[in-house]
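Remarks on the structure that follows.
All of the numbers you see were taken from the coordinates with simple rules; none came from a lab. The structure displayed is predicted, hence computed values, not measured ones. Here the Cβ is made from the backbone with ideal geometry for all residues, glycine too, and neighbour counts use every protein chain on show.
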Amino acid sequence: MSGRTAGSSGSPFAPHTAAETAAMLEALDVDSEADLFDIPDEVAFDGEFGIPQRDERTVRADLRETFARNDDLTEFLGRGHYAHYVPAVVDDLASRSEFLTSYTQYQPEIAQGFLQALFEYQSMLVELTGLPVANCSMYDAATGLAEAALLAERVRSTSGTTVLVPEALRDGKRATLDNYVDGSDLTVETYPYADNTVDLDALADRVGDDTVFVYAETPTVTGAIEPALAAVGDLAHDADALFCVGSDPVALSLLQEPASVGADVVVGEADVLGLPTSYGMGLGLFACKEDYLRQVPGRLVGKSEDAADRRAFTLTLQTREQHIRKERATSNICTNQAWVALRAAMHAASLGPEGLVALAEDCVRNAASLAADLDAVEGVEAPLDDRHHFREFTVGVADAPGVAADLREAGFAVHVLDDGTLQVCVTDLNADAADDLVAAFAEVVR
Amino acid sequence: MLALATEVARVNFDQARFGDDTRNEPLLSEKDATAVDPGENSVLPDDLTRDSLELPRISEPELARHYTRLSQMNWSVELGPYPLGSCTMKYNPSFTDAVAADPNAAVHPDRDPETVQGTLELLYGLQEYLATIGGMDAVTLQPPAGAAGEFTGIAVAKAYHQHHGTDKSEVIIPASAHGTNFATAAMAGYDVVELPSGDDGRVDVEALEAAVSEDTAALMLTNPNTVGLFERDIAHIADVVHDAGGLLYYDGANLNALLGRARPGDMGFDIMHYNVHKTFATPHGGGGPGAGPVGVVEELAEFLPRPQVRKVGADTPAAAADGGAFADAGDADDVDDTTEDADGPEYELFDPARSIGKVHGFSGNWLVLIRAYAYIRRLGDEGLLDASAKATLNANYLASLLDLDVPYGPFHHEFAATAGERDAADVAKGMLDYGVHPPTTKWPEFVDEAMLTEPTEVENKRSLEDLAHAFNEAFADSDEELHDAPHKTTARRVDQTSAARDPRLSWHALEDGE
């Protein structure tokens, strides 16, 4: 046995020297670690995985090579996953090992820092939504929506079981919602859009005594700003149903405050702040009225006092949660997206209210400007509705898949919705390439 | 006798506090509150915009100081051991952060698969690694945390039973299981049948035989179990469940103990989730993000969430159960050859035939999955085998140094010590004063005043000895001393009751001066 040398093939993160290992084994009166295992032969594994050990530099080089296989396209993609410029200070502070390598705050006396940061995150969401309770995260917007529907089933005293969502809901949200309600008495039904936002007459026809939950988004999946949120809320409340609004913290900085249009719950993707594009990794925003406090899924940080009567923070109302309440818990969620919430709060704090509003205004102006420029291209119609837009909008062309393929050749990624419809998303990160995208459209749409 | 590794003394944990004991780091809202009228200069009409928004506006230097001070008021695994049994933290290797920050990895989930072959290559590689490590035939990476993995696995079991026309209503779970197991089964619409622990701390096989029936959809089990014991009767347990038409679900919380030594698939498990932070050293970020990949045997692969990744031309999902699948693929040159010579893409997305659908809006926690893949690739067979060896050695060595009894054994990577007549939560608070993070307390419930301890392989002999001293000193402290502990931390004992009785969940809810 050698010591921990360059050629050593154990775990590089097990710090034992050979002498230490020997001393520990001797203290335990065994010859080798294998003697400590109590695994019957019939189920023991004596094969190999066939995974060679590699040094750090090789792994990094391998993965660089792997990621280099991703084509370098300028993305005009959104539909639920967005990124804005994240200041370096956010990366720097969030990467501090005290944050990144800490666990859930089960010992609040040595976790005040993270607890305070999460309390501040909750507070920002309370301000943005106008609702008094925000948890310290769900996994993403889809699971947040699904949990909100389950919340509706728990808090309602009436017997409704129908969850109403837009027909045009993104598949990832709808399919996640379907799975979450599968173990409940809820059923999911849809209502149509007209001109890419809620068709109020159609919704009024579908809302009834059996409706327990009505969900509407602003902006919608195609970027339209919903003009009739308050009316949707009224329809929901007339049926004694819970009204849930889907949005995000940048949009909420500018658009109507959900509480002011009657929202009972707000869900959405809060990773628009703080997180770069990351293949759909998210941060589920979840806020609601105080009435539902004891039914909220996920963790809550509350203010308390310590033994010296100073302000202190702690995870609270844990009797809602699975580790205490088991099968009667409000949700099975344990691990959430705390570190992403930390990043979102840092980003929001670095922008301040004016910065947030300015970023949101840019989401409106950039979308309007790009839509107008595209609409000026012969053979292109944009947007395909009369709404105001936030970040993104739909685009009509004769052969959408063909145009998208040609755009890809020109270095751009856009969404294809159907044979005649594309969708493009513009933010501060790709706005300076918008003119090039317009030129590419002009080139490929003949 | 144990020699002192270091002078044992109570130590302050108060890096961010000035010495006068009165100054908290202010809330952001106490530093500034700026109200703006967002609609005032908007291009949007008035009725679409809000009237006011009040949030802190602080400069970047202030921001940096605020969060730096908060960070200093927080324990982390880079400060010292984190031996939370069944939760625990390993050291998170820095290079995995560097790898995850690669700008080429920052792609949108709606990209055409042909244009993100690198991303799919990594996902495919991780699916294959995990399948091999767990002895499973197919793996989904979509679940964003362990509990989401449980939900996915039970949803797959439900879909399987429904497809075969059998209506099952129950999931059996040992009383000592993680709370998530119970909550998961309930969320999926099952009745929970709780199985008491046997006298030896393991599954009571007779009780199990009495509990199974044609209503049994699944048994959820972890192995080694919650007190670190290997369920020696696992093959028989699997037969009992399978004979009743049920499926066997493996909670991957304790897989770190078995790496390279036993695989859930070989034990008869049909479904498992992997815990990536306890097994593959991904950071936990103060509560997440995690990832909860789920592996299944071949008969269940068609029910997995969509989409899955496969090699172009392959008609079946991952099937690397025999090991040795990567001996050739490890060479980066080989990978290059296959891509550059290929006419088209090498990897593609596909929807399993009877997929349950989705459990996340997109594809899960990508930045966590990258780190897990990089870690497995770094360690390889030998590193993984050594991780389970040293994790088990460390738990046994630590236990041997304690003045507390450890009633159940032989244990592997974790053990439940008992504080006996002392209050385990108080002992834990006392340990804080000795500069370590305490273990999980009062759980599992069948151990009196349990202190469930899992040091992992990343602690060395001296660190374990320091930890043992903290245990023993706190255990020997007087009741009065413990009742008031901790004495040396940034915050003293935090009042949980007051927090819950009068919930104050945002700065809006605080009174002036609170």
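Exactly one residue out of A:Val232, A:Val265 is within 18 Å of the chain's Cα centre (by Cα) and either more than 11 Å from chain B (Cβ to nearest Cβ) or free of Cβ contacts under 8 Å to residues at least 40 places away in the same chain (or both): that is A:Val265.
Among the residues examined, A:Asp271 qualifies as touching a helix residue (DSSP H, G or I) at 6+ places or on another chain (Cβ under 6 Å), charged (D, E, K, R) and either under 26 Å from B:Gly364 (Cα atoms) or assigned to a helix (DSSP H, G or I) (or both). Kindly establish whether A:Pro258 is surrounded by 24 or more Cβ atoms within 10 Å (Cβ to Cβ), in contact with a helix residue (DSSP H, G or I) (Cβ under 8 Å, 6 or more places away or on another chain) and of a type outside the set (A, V, I, L, M, F, W, C). Yes: the conditions hold for A:Pro258.
Within segment B:414-424, can one find any residue that is in contact (Cβ under 8 Å) with a residue 40 or more places away in the chain, within 8 Å of chain A (Cβ to nearest Cβ) and crowded, with 24+ Cβ neighbours inside 10 Å? No, segment B:414-424 has no match at all.
Among residues of segment B:241-253 that are on the phi > 0 side of the Ramachandran plot, those with a Cβ under 9 angstrom from a residue that is of a type in the set (Gly, Ala, Ser) and outside any helix (DSSP H, G or I), sequence gap 6+ or separate chain, pair up as B:Gly245/B:Ala217. Out of A:Asp205, A:Asp201, A:Asp209, A:Asp178, one residue alone is outside any helix (DSSP H, G or I) and charged (D, E, K, R). It is A:Asp209.
The number of residues in segment A:354-379 being surrounded by fewer than 23 Cβ atoms within 10 Å (Cβ to Cβ), at the interface with chain B (Cβ under 7 Å from one of its Cβ atoms) and either of a type in the set (Phe, Trp, Tyr) or touching a residue at least 24 places away in the same chain (Cβ under 8 Å) (or both) comes to 1. Of the helices (runs of 4 or more DSSP H) lying entirely inside segment B:434-514, the ones with 1 or more residues being without any contact (Cβ under 8 Å) to a residue 60 or more places away in the chain and at the interface with chain A (Cβ under 10 Å from one of its Cβ atoms) are found at B:479-484, B:496-501. Listed conditions (1) buried (at least 23 other Cβ atoms within 10 Å of the Cβ); (2) charged (D, E, K, R); (3) more than 7 Å from chain B (Cβ to nearest Cβ) are all met by A:Asp92, apart from (1).
Residue-wise test of (1) under 28 Å from A:Gln112 (Cβ atoms); (2) facing another protein chain (nearest Cβ under 10 Å); (3) of a type in the set (A, V, I, L, M).
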| residue | (1), (2), (3) |
| --- | --- |
| A:Leu255 | no, yes, yes |
| A:Leu273 | yes, no, yes |
| A:Phe286 | yes, no, no |
| A:Glu290 | yes, yes, no |
| A:Leu300 | yes, yes, yes |
| A:Glu321 | yes, yes, no |
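State whether one or more residues within segment B:371-378 are surrounded by fewer than 24 Cβ atoms within 10 Å (Cβ to Cβ) and among the hydroxyl-bearing types (Ser, Thr, Tyr). The answer is no, given that none of the residues of segment B:371-378 is surrounded by fewer than 24 Cβ atoms within 10 Å (Cβ to Cβ) and among the hydroxyl-bearing types (Ser, Thr, Tyr). Taken over segment B:364-392, the criterion of being within 7 Å of another protein chain (Cβ to nearest Cβ), among the charged types (D, E, K, R) and in contact with a helix residue (DSSP H, G or I) (Cβ under 6 Å, 6 or more places away or on another chain) is satisfied by B:Arg377, B:Arg378.
Could you list, in sequence order, the residues of segment A:107-130 that are in contact (Cβ under 8 Å) with a residue 40 or more places away in the chain and facing chain B (nearest Cβ under 7 Å)? Within segment A:107-130, A:Pro108, A:Glu109, A:Gln112, A:Phe114, A:Gln116, A:Ala117, A:Glu120, A:Gln122, A:Met124, A:Val126 qualify.
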